[in-house]
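First the structure, in the form of structure tokens, and then the observations on it.
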Amino acid sequence: MKDVLVLGIESSCDETACAVVRNGREILSDVIASQADFHEQFGGVVPELASRMHVDAVYPAISKALSDAGCTLEDLDCVAVTYGPGLVGALLVGLSAAKGLCEVTGLPLVGVHHLKGHIAANYLCFPELEPPFLCLCVSGGNTMIVHVSSYTDMEILGRTRDDAAGEAIDKIARVIGLGYPGGPKMDKAGQGGDTTRYQFAKTHMTDTLDFSFSGIKTSALNLINGIKQKGEEIDVRDFTASYQQNIADILLENTLKASEATGIDKICLAGGVSANSFLRKTFDKAAAEKGLKLYYPNLRLCTDNGAMIASAGYFEYINGARNELDLNASPSLQL
């Protein structure tokens, strides 16, 4: 069977990422031009500035991805690109670049859902992994439990009804002065901390696998304000450790419920928050105790990257998916 080479382009937020992947599993190149250091001065991503920086970075990233992979456009079988969800201006840059390449080369265009890309990151790290499985997709914009029945067919079993887990972490990171990006800075701050010292109110919903993180975020804000009003100091290490552990426990609780309800013992983690060490340790422990098969990508592939888009695009491509050149960005695209 002929190898299939896919160029993946990702530009949904503040990473301009391009990669070449063979047969959906083997990374030949993986180029990421990050804007995180630039946006740190603003405390978060500024959409208009992010879009402009994507314009400057996208074609050099494509060129380097092809060069690193030792191939040319003529060697590719298709171009896969994120078309949603994400920041509309940022999405349009990557999408325009992909459509331009397809227009001049005649290569097929395959639009990829950003979250399908995050799920596919696991295929790049575990050659043996095949559907069906459950995937906890957890990031700054999304938190959901997905039943992955095939490489291209998926069903959401539970989702957040308000804030995403990553947003709840980022907001509190800013409030206690850790800044942006909040996720990795809070993870680092909590290392070695007491995960039981601070308690937070959590929302528990019955007869559903949905999440809610607005309650724990509000509880943390109230606790911070209460401590400050007393003229006391917050122990940042213990506070961040306790907060992250509480969020990890919420995520685990519903994931285990989903596993029990479906009878599926194969669990994947995906998305930026899957890099969180508290979350990984919590799931590692539960998997060992309950005999679950647990998978999560290496740290580089947890955050936005082009390889995950190329992998997801490969499976869409061999399943017959093709998009016309009028494909538009869809910032609120549903899975």
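Among (1) surrounded by fewer than 22 Cβ atoms within 10 Å (Cβ to Cβ); (2) outside any helix (DSSP H, G or I), there is one condition Ser67 misses while meeting the rest; what is its number?
That leaves (2) as the condition not met.
Select from region 201-231 the residues that are within 16 Å of Lys171 (Cβ to Cβ), outside any helix (DSSP H, G or I) and more than 25 Å from the chain's Cα centre (by Cα) and list them in ascending order.
Ala201
Which of the residues that make up region 237-266 are within 21 Å of Lys202 (Cβ to Cβ) and β-branched (Val, Ile, Thr)?
Hits for region 237-266 are Thr240, Ile247, Ile250, Thr255.
Could you list, in sequence order, all residues of region 232-290 that are aliphatic (A, V, I, L, M) and either closer than 23 Å to Ser150 by Cβ or not in a helix (DSSP H, G or I) (or both)?
Ile234, Ala258, Ala261, Ile264, Ile267, Leu269, Ala270
Going by what's in this entry, would Val138 be described as under 23 Å from Gln35 (Cβ atoms), surrounded by 23 or more Cβ atoms within 10 Å (Cβ to Cβ) and touching a residue at least 24 places away in the same chain (Cβ under 8 Å)?
Yes, satisfied.
What tally of residues in region 295-312 results from selecting those that are free of Cβ contacts under 8 Å to residues at least 60 places away in the same chain and under 14 Å from Val138 (Cβ atoms)?
Residues flagged as free of Cβ contacts under 8 Å to residues at least 60 places away in the same chain and under 14 Å from Val138 (Cβ atoms) within region 295-312 amount to 0.
Answer yes or no: is there a residue in region 218-232 that is touching a helix residue (DSSP H, G or I) at 6+ places or on another chain (Cβ under 7 Å) and of a type outside the set (A, V, I, L, M, F, W, C).
no
Can you say whether Gly271 is crowded, with 17+ Cβ neighbours inside 10 Å, within 18 Å of Ala165 (Cα to Cα) and either touching a residue at least 24 places away in the same chain (Cβ under 8 Å) or in contact with a helix residue (DSSP H, G or I) (Cβ under 6 Å, 6 or more places away or on another chain) (or both), as far as the supplied structure shows?
Yes: the conditions hold for Gly271.
Condition (residue is crowded, with 18+ Cβ neighbours inside 10 Å, free of Cβ contacts under 8 Å to residues at least 60 places away in the same chain and touching a strand residue (DSSP E or B) at 6+ places or on another chain (Cβ under 7 Å)) applied to region 218-230: is it met by at least one residue?
no
Restricting the search to region 31-56, which residues are among the acidic types (Asp, Glu) and closer than 27 Å to Gly177 by Cα?
The answer is Asp37, Glu40, Glu48.
If you scan region 244-257, which residues turn out to be buried (at least 19 other Cβ atoms within 10 Å of the Cβ) and more than 16 Å from Glu167 (Cα to Cα)?
Residues satisfying the conditions are Asn254, Thr255.
Would you check which residues across region 161-197 are modelled with pLDDT of 95 or more and of a type in the set (Ser, Thr, Tyr) and list them?
Thr195, Thr196
Within the bounds of region 2-19, is there any residue that is over 21 Å from the mean Cα position of the chain (by Cα), part of a loop (DSSP other than H, G, I, E, B) and among the charged types (D, E, K, R)?
Within region 2-19, one or more residues are over 21 Å from the mean Cα position of the chain (by Cα), part of a loop (DSSP other than H, G, I, E, B) and among the charged types (D, E, K, R).
In region 300-323, which residue that is aliphatic (A, V, I, L, M) and under 19 Å from the mean Cα position of the chain (by Cα) is nearest to Ile27 (Cα to Cα)?
Ala307
For the subset of region 141-160 comprising residues that are part of a loop (DSSP other than H, G, I, E, B) and at pLDDT 95 or above, which member is surrounded by the most Cβ atoms within 10 Å (Cβ to Cβ)?
Among those that are part of a loop (DSSP other than H, G, I, E, B) and at pLDDT 95 or above, it is Tyr151.
Working only within region 174-199, note down all residues that are part of a loop (DSSP other than H, G, I, E, B) and in contact with a Phe, Trp or Tyr (Cβ under 8 Å, 6 or more places away or on another chain).
Once the filter is applied, which keeps residues that are part of a loop (DSSP other than H, G, I, E, B) and in contact with a Phe, Trp or Tyr (Cβ under 8 Å, 6 or more places away or on another chain), region 174-199 yields Ile176, Tyr180, Gly190, Gly193, Thr195, Arg197, Tyr198.
Residues Gly177, Gly192, Gly166: which one is out of contact with any Lys or Arg (no Cβ under 8 Å at 6 or more places or on another chain), surrounded by fewer than 20 Cβ atoms within 10 Å (Cβ to Cβ) and of a type in the set (Gly, Ala, Ser)?
When all the criteria are applied, what remains is Gly177.
Which of the residues that make up region 26-57 are outside any loop (DSSP other than H, G, I, E, B), over 23 Å from Cys71 (Cα atoms) and touching a Pro at 6+ places or on another chain (Cβ under 9 Å)?
Result: Ala36, His39, Glu40.
Take Ser29 and tell me if it is buried (at least 16 other Cβ atoms within 10 Å of the Cβ), within 17 Å of His114 (Cα to Cα) and not acidic (Asp, Glu).
So Ser29 does not fit the description; no.
Out of Ala270, Ala258, report the one residue that is closer than 20 Å to Thr143 by Cβ, touching a Pro at 6+ places or on another chain (Cβ under 8 Å) and of a type in the set (A, V, I, L, M, F, W, C).
Of the residues listed, the single one that is closer than 20 Å to Thr143 by Cβ, touching a Pro at 6+ places or on another chain (Cβ under 8 Å) and of a type in the set (A, V, I, L, M, F, W, C) is Ala270.
The values are calculated or read from the model by the stated rules, or taken from the named source; none is laboratory data. As the structure is a computational prediction, the values presented were derived from the model and not from experiment. FYI the Cβ positions are ideal-geometry reconstructions off the backbone, even for glycines, and counts take in every protein chain you see.
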